């Protein structure tokens, strides 16, 4: 009987972990207003992972996301990037403010024509153990602020 209860509790725990996080923050248009349109700022950098044993694994052809820091994206950054929990799909209005690029073979990337502001930068970097059939990855991340006409160079790592 005890074994059955333990198995039931473990199953419930696994099921609760698999359920996507329900977003609490709302999309607030006023927070996104400074990020509308284009600007004269640039955020460039290099993305890599620090692996066990002190080795660095450079991103190569991996996706990099840039999103403005707002209360809506702060929740996503905390839940998904920092805590690794799945989330429900984002509001399409917020996704319109995201920018995407890929790294070159040395992990370099660049976002141009940005409005001044503070941004999350997240790279989804494939691990060396990945294969064409099964991709394994980790998220590297950084936060940066850029002024109008500014050029920021950052390291995006984990």
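Each value in this text was obtained by applying a stated rule to the coordinates, not by laboratory testing. Just so you know, these numbers come straight off a predicted model, no measurement behind them. Reconstructed Cβ throughout: ideal geometry from the backbone, glycine too, with neighbour counts over all protein chains shown.
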Convex hull around the C-alpha positions of the chain: the volume in Å³ per residue is 142 Å³
What is the spin-label model distance, in nm, from residue 85 to residue 21 if the labels are put 7 Å beyond Cα along the C-beta direction?
-> 0.5 nm
Taking every pair of alpha-carbon atoms in segment 87-146, what share in percent sits in each 5 Å bin, from 0 to the bin with the longest distance?
-> 4, 12, 20, 24, 19, 13, 6, 2, 0
Rounded to the nearest 5, the percent of antiparallel DSSP beta bridges in the chain equals 80 percent
Let me have the 222 nm mean residue ellipticity of the chain computed from DSSP H runs of 4+ only, each contributing -39500 (n - 2.57), with the sum over all residues rounded to the nearest 500.
-> -5000 deg cm²/dmol
Quickly rank 21-28, 137-144, 115-122 as a protection proxy: mean count of other C-beta atoms within 10 Å, highest first.
-> 115-122, 137-144, 21-28
What residues of segment 26-45 lie in the reach of a label at residue 113, counting those whose backbone N is under 15 Å from a point 7 Å from the Cα along Cα→Cβ?
-> 36-43
